[in-house]
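Trainee: Following this message is one structure expressed as structure tokens.
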Amino acid sequence: MIALTILKILEDGFLAAIAAIGFSSISNTPRRAYLCCGITAAVGHALRYILMSPDILGMNIIWASTIAAFVIGIVGVLLAPTVKCPAEVCLAPALLPMIPGMYAYRTVAALIGCLSAHGEADFDHYIYLLNYNGLTCLFIIIGMVVAVNIPVFMLKHIAFRATR
């Protein structure tokens, strides 16, 4: 059981690293920063998986994503000087695998459902889905954006000398 959980955590981190390297490759990131992007994404996404796993902590996706983004910020700032790139080069691709795409999709689907509802009960159901998914998506993104920037300003003596 424990070995299977560890394997799932490593798989989650590995797949996030592949996604981050893919995102960084299409955004004109220097090749020397690919490993930094991958490590940062793997650590953050695996941490979010651990925090959200019902067998371990069972945390809400909003808080888990916020904490993981904070850790991504710390790891990215600490690794940026080794690749001589600004921390943002490592941070942006690492956050992209954590974007809540299913919540955004369900928000749009609920909006379409609201617009095509034929009765008040259907409309109420779709407006509930619209609010739940839309607010969840919004708060995940806000939490990630705020949390990833905190280490950049906390560790500005490291973050702003990375390119020197």
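Derivation of every value follows stated rules applied to the coordinates shown; laboratory data play no part. Predicted, not measured: the structure shown is a model, and the values here were computed from it.
Trainee: By what distance, in whole Å, do the Cα atoms of the chain stretch along each of the three principal axes, largest value first?
Mentor: Dimensions of the chain along the principal axes of its Cα atoms: 62, 39, 29 Å.
Trainee: If you average the C-alpha positions of the stretch 4-35 and of the stretch 103-156 separately, how far apart do those two centres end up, in angstrom?
Mentor: Using only Cα atoms to place each centre, the spacing works out to 26 Å.
Trainee: Right, something else. In percent, what relative contact order does the chain have, based on Cα pairs under 8 Å that are 6 or more apart in sequence?
Mentor: The normalised contact order for the chain reaches 27 percent.
Trainee: If you line up the long axis of helix 2-26 against the longest principal axis of the chain, both from Cα atoms, how many degrees apart are they, to the nearest 10?
Mentor: 80
Trainee: Still on this structure: With runs of 4+ DSSP H residues as the only contributors, calculate the mean residue ellipticity of the chain at 222 nm using -39,500 (n - 2.57) per run, divided by the residue total and rounded to the nearest 500.
Mentor: On the way: 7 runs with 130 residues, N = 164.
That comes out to -27000 deg cm²/dmol.
Trainee: In Å and on Cα atoms, what radius of gyration and Dmax does the stretch 1-75 show?
Mentor: Considering the stretch 1-75 through its Cα atoms, Rg and Dmax are 13.0, 41 Å.
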